[in-house]
Every structure is written in C-alpha cells, then in structure tokens.
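The values are calculated or read from the model by the stated rules, or taken from the named source; none is laboratory data. Everything numeric here is computed off the predicted structure, so don't read it as measured data. Positions of Cβ are backbone-derived with ideal geometry, glycine not excepted, and every protein chain shown enters the neighbour counts.
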Amino acid sequence: MADLAKRFRQNPLLSPESLNPSLEGLEITCLLNPGVFRFDGKIWILVRVAERPAQRDDIISFPVLDENGIKIIEIDSKHPELNKQDPRVINYKGADYLTTLSHLRLLCSDNGFDFYEPEEFGLLTGKGEDQAFGIEDCRVSLIEGTYYLTFTSVSSNGVGVGLKTTQNWKDFTEQGMILPPHNKDCALFEEKINGVFYALHRPSSVDIGGNYIWLAQSPDGVHWGKHTCILKTRNGRWDSQRVGAGAAPIKTPQGWLEIYHGANAEHQYCLGAFLMDLNDPSKVLARTDDAIMIPSESYELNGFFGQVVFTNGHIVEGDKLTIYYGAADEFVCGAVFSIQEILSALNYQYA
Ligand code: MAN
C-alpha cells in the first residue's frame, strides 16, 4: 500500500539548532516527539528536548538529575565494561543509562508550521528519583476542560508513565507515576465512555508476552485498572517487534481510530492504524495490514536514530488529520492525512 501521508513542504519544522539549550555546557541533540493541543486560539506543541554535553572522542558524557539538579557522568569510551552500540542507550558495568537527558518545552503557532517559544511558560523537567533520566514523549488529552499530560518517566528504577494535569499551562498538579515499569506510550481518550476514563498504554514483557498495546479503565483519570491486551505485534511484518499508541484516539462514526507506531527487527519505525468499538474500545474492529506512513525522506532516514517516523500528537479538523511527528529521533515534522482515506485502508478481517 502507498504511504498516505502528505508531508509538510516546510519539513523539518524544527531541528536541534532551533532552540537554546536549557543550561550552559549542554547541547540539544534531538528535538522530537511532540504532544499537540489547542489552547488560547493557537496550536501548541510540547516537544521533547534531549540534551547532553558536546562529545569528545575519548569520553562519553551525559547528564542525569539528582537532588542538586543536573550532574554530568563521564565514562572512558574505551572502557571494557561499556557497550555503546545503540546511540540512545549505553550499558556500563551492567547498568543502563540514556545518552541524553530529556525535558519538555512548550512552543506555539498561529499557522501550524511556524513555531515559537513564548516567554511566560516554564520548562517541564524531571523531578525526583523516578525521573532522574528525564521525561519524554508526552501525549496531551483534553478531558472536560483539564489537560492530561501522560509522559515517559525514566530512571534506573525503570521506564514508566507519569501524569500531570493542568488547566492553564502554568500551574500543574503532579499525579505521580500512574503505570509502573516497564510501560510507556500512554494516550488517554478525550471523553469518558459510559462514565469511565479509558487509556491505551504499552507495558513490555521480557519473557512471555511482548511489546503490545493494552487498554485500561479508570474512575478518575488517575487510578487505572481493568487492563486488557488489545493489539499485538505481527511476525514478519512492519510491526513485528513493538507496537505503541500515538496520541488520543479520534472519534469517528465507525469507531475510535488510533494511529500507532510499529517497529520491525531492523528498528524501522512506521505508522499504522486500528479501529476500536465506540461503546467498548476493548473490541478492535479493524487494522491496517500495511503501514500508512513509512520513513522515506532524508530527514526521516538520517539523523540521531535513522528510519523513524513516530507520532504522539495531532490536530483534527473535519476529515483533515495533521500529525506532528519525530523524524529520525532528531527533528520535528508535520504531515496531513485524510481520516476517510485511513478508514478505507482498514481491514476488518485483519490477522
Ligand atoms: C528507548 C528509546 C529512547 C528512550 C528510551 C527510554 O530506548 O525510545 O529514545 O529515551 O527508550 O524511554
């Protein structure tokens, strides 16, 4: 099947050089995976900013957070107990660390492609032991006048889902870790179904099981239970190794439409879609056989981690779905889809 995305001709919209680092001595390495929402008549993105010091050949250095703020860890790059195969993660003396530290930053736009950083909003940075390696990949869902921010909290304790809520983007209520490790890719439905909050999330299992999408329910949007596995990886296909939800499901007459990412064994990240029953989203009605967006432009193929299109934020206007996405884990880009075209690509007899 063809790639259904109409990429912005302005892509990439933002690159690491577009913003200033949060601290002297750090560089922005990646600008990626924005959460997206409307507020105050504008389109906003809550972008993940991944930073580290300028790298030297002989030393690997990266920031972590402790009670005094940012601390830089330095490791001899030839150390026998260092594994640095993956640009995103290193293993040193048996423990995993991230090569960059991420925070979230607010940018806004009047036209959806020129984004600027308004002065009066602060950075959202990791806080406390469970966010010592940063916070990442935030989904923003607006439910009954409150914005729910679900993001990845990373530390040596593991990778879990944190939640903050806000109404004005200045005062935030910290709701703590709502889904413990290993879990990420959590997107809340933007309305309750039969009085109940619903969320998609992605626990990972190292042994039996896999990187599958689950559905959870909650009476209040903070405490989650009744977890059920709804979408699995498919052997030998574009989504064979991992699947994870994008942003909030889109309500259509046919059902809740979710754009998701899938990765294969070569770590190529593509996008696909599935459809859930309007009344009972644990029923998956249909799924695309093929990917609807495949990394193909140079800014998607080459970057900090190439061959990646990853979305966790979008804007819906009638049939027009504008997704914002991270390309090659380094740039922020945009693309437009027709919702009808995605619905037509769904297979109701999917395997
Ligand atoms: C994976 C990648 C990284 C991310 C970590 C922790 O390795 O998605 O970008 O930093 O997980 O979430």
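Observations, loosely collected:
- Criterion violated by GLY326 - all others in (1) part of a loop (DSSP other than H, G, I, E, B); (2) among the small types (Gly, Ala, Ser); (3) in contact with a strand residue (DSSP E or B) (Cβ under 8 Å, 6 or more places away or on another chain); (4) closer than 27 Å to LYS84 by Cα satisfied: (1)
- All positions within the range 180-201 that are part of a strand (DSSP E or B) and small (Gly, Ala, Ser): ALA187, ALA199
- Any pair with Cβ under 8 angstrom, 6 or more apart, that starts in the range 69-90 at a residue that is closer than 22 Å to GLY25 by Cβ and ends at one that is away from the ligand (no atom under 16 Å from the Cβ) and of a type in the set (Asp, Glu): ASP76/ASP58; SER77/ASP57; SER77/ASP58
- Of the strands (runs of 3 or more DSSP E) entirely within the range 8-85, those holding at least 3 residues that are more than 30 Å from THR165 (Cα to Cα) occupy 59-66, 69-76.
- Any hit, the range 219-234, residues being in a strand (DSSP E or B), of a type in the set (Asp, Glu) and under 28 Å from ARG105 (Cα atoms): no
- Scanning the range 192-205 for residues that are touching a strand residue (DSSP E or B) at 6+ places or on another chain (Cβ under 7 Å) and surrounded by 15 or more Cβ atoms within 10 Å (Cβ to Cβ) returns PHE197, TYR198, ALA199, LEU200, HIS201, ARG202, PRO203, SER204.
- Here LEU278 meets each of (1) over 21 Å from the mean Cα position of the chain (by Cα); (2) assigned to a loop (DSSP other than H, G, I, E, B); (3) farther than 27 Å from VAL336 by Cα; (4) modelled with pLDDT of 95 or more with one exception, condition (3).
- Residue within the range 153-168 that is of a type in the set (S, T, N, Q), under 19 Å from GLY326 (Cα atoms) and touching a Cys at 6+ places or on another chain (Cβ under 9 Å) present: no
- Total residues in the range 133-146, condition of a type outside the set (D, E, K, R) and surrounded by fewer than 21 Cβ atoms within 10 Å (Cβ to Cβ): 4
- Some residue of the range 165-184 being farther than 23 Å from GLN241 by Cα, within 13 Å of the ligand (Cβ to nearest atom) and either within 19 Å of the chain's Cα centre (by Cα) or surrounded by 20 or more Cβ atoms within 10 Å (Cβ to Cβ) (or both): no
- Summed over the range 308-322, the residues that are of a type in the set (Asp, Glu) and assigned to a strand (DSSP E or B) give a count of 1.
- In the condition set (1) within 17 Å of THR100 (Cα to Cα); (2) at pLDDT below 95; (3) in contact with a helix residue (DSSP H, G or I) (Cβ under 7 Å, 6 or more places away or on another chain), ASP57 is compliant with all but (3).
- Residues within the range 159-179 that are within 26 Å of PHE331 (Cα to Cα) and either part of a strand (DSSP E or B) or free of Cβ contacts under 8 Å to residues at least 40 places away in the same chain (or both), tallied: 6
- Residue count, the range 88-147 (criterion: within 11 Å of the ligand (Cβ to nearest atom) and either assigned to a loop (DSSP other than H, G, I, E, B) or at negative phi (or both)): 13
- Among the residues listed as SER282, SER296, the single one being over 25 Å from GLN85 (Cα atoms) and away from the ligand (no atom under 16 Å from the Cβ): SER282
- Applying the criterion of being hydrophobic (A, V, I, L, M, F, W, C) and closer than 24 Å to GLU297 by Cα to the residues of the range 246-277, the residue that is surrounded by the fewest Cβ atoms within 10 Å (Cβ to Cβ) is ALA265.
- Only one of LEU26, LEU4 that is out of contact with any Phe, Trp or Tyr (no Cβ under 6 Å at 6 or more places or on another chain) and surrounded by 18 or more Cβ atoms within 10 Å (Cβ to Cβ): LEU26
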